[in-house]
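Data block below; observations after.
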Amino acid sequence: SSPHGTSARARLDSPAAIGSGAAPTGRRSARAAAHWFGDAGIVGVAAVAGLGDVDAPSITAAGLYRGGLDAGIATLAILAAAFSNTAAKAAYGLALGSWRFGGTFAAWSAAAAGAGAATWLALRAVA
């Protein structure tokens, strides 16, 4: 349940969620996760979806926010998707490239993720 008084499941049935670009399979996954785990389920689905694509879970989280999802949960879902996508690409670089390429790519990816996390924490501190 969110501060808006709307359950995670009800938000997934809203017109904003349906029109947010959520594919039927992704929407069903998010609905099941929200049913079992509440808002944490939405973040978890975004993290798993982020392994392959960061855009779809980000657009879906933004649509769910329009439908009543707490801004902090929507932001966390987007960050989870972005971080898991970055980690997956770093792993691809290590697995498919030379060790020099993979190591450099992974180091810069970690630096970018760290900067993103630091920015999010700083913004939370002033909010």
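If you scan the stretch 102-122, which residues turn out to be touching a helix residue (DSSP H, G or I) at 6+ places or on another chain (Cβ under 9 Å), under 21 Å from residue 39 (Cα atoms) and free of Cβ contacts under 8 Å to residues at least 40 places away in the same chain? Reasoning before the result, please.
Filtering the stretch 102-122 for residues touching a helix residue (DSSP H, G or I) at 6+ places or on another chain (Cβ under 9 Å) gives 102-110, 112-113, 116-117, 120.
With the extra rule that they be under 21 Å from residue 39 (Cα atoms), the set shrinks to 117, 120.
The answer is 117, and nothing else.
Restricting attention to the stretch 88-101, does a residue exist that is in contact (Cβ under 8 Å) with a residue 24 or more places away in the chain, in a helix (DSSP H, G or I) and open to solvent by less than 40 Å² (accessible area, probe 1.4 Å)? Give the steps one after another, and end with the answer.
So the first thing to find is which residues in the stretch 88-101 are in contact (Cβ under 8 Å) with a residue 24 or more places away in the chain, and the list is 88.
Pick out the ones that are also in a helix (DSSP H, G or I) and you get 88.
Still in the list and also open to solvent by less than 40 Å² (accessible area, probe 1.4 Å): 88.
So far as the stretch 88-101 goes, yes, one or more of its residues are in contact (Cβ under 8 Å) with a residue 24 or more places away in the chain, in a helix (DSSP H, G or I) and open to solvent by less than 40 Å² (accessible area, probe 1.4 Å).
Restricting to the stretch 34-61, name every residue that is open to solvent by 30 Å² or more (accessible area, probe 1.4 Å) and over 13 Å from the mean Cα position of the chain (by Cα).
Within the stretch 34-61, 35, 36, 37 meet the criteria.
Here's a check for you: in the stretch 78-87, which residue that is of a type in the set (A, V, I, L, M) and in contact with a Ser or Thr (Cβ under 7 Å, 6 or more places away or on another chain) is least open to solvent (accessible area, probe 1.4 Å)? Don't jump to the end; show me each part of the working.
Step one: list which residues in the stretch 78-87 are of a type in the set (A, V, I, L, M), which gives 78-82, 87.
From the residues that got through so far, the ones that are in contact with a Ser or Thr (Cβ under 7 Å, 6 or more places away or on another chain) too are 78, 81.
Working: 78: 61, 81: 0 Å².
The qualifying residue least open to solvent (accessible area, probe 1.4 Å) is 81.
How many of the residues in the stretch 62-77 are open to solvent by less than 50 Å² (accessible area, probe 1.4 Å) and of a type in the set (D, E, K, R)?
The total comes to 1.
The values are calculated or read from the model by the stated rules, or taken from the named source; none is laboratory data. For clarity, every value in this text was computed on a predicted model and none was experimentally measured. A quick note on method: Cβ atoms are made from the backbone with ideal geometry, for glycine too, and the neighbour counts reach across all protein chains shown. We work out accessible area using only protein heavy atoms, side chains counted, and drop any ligands, DNA or RNA first. Shrake-Rupley method; radii C 1.70, N 1.55, O 1.52, S 1.80 Å.
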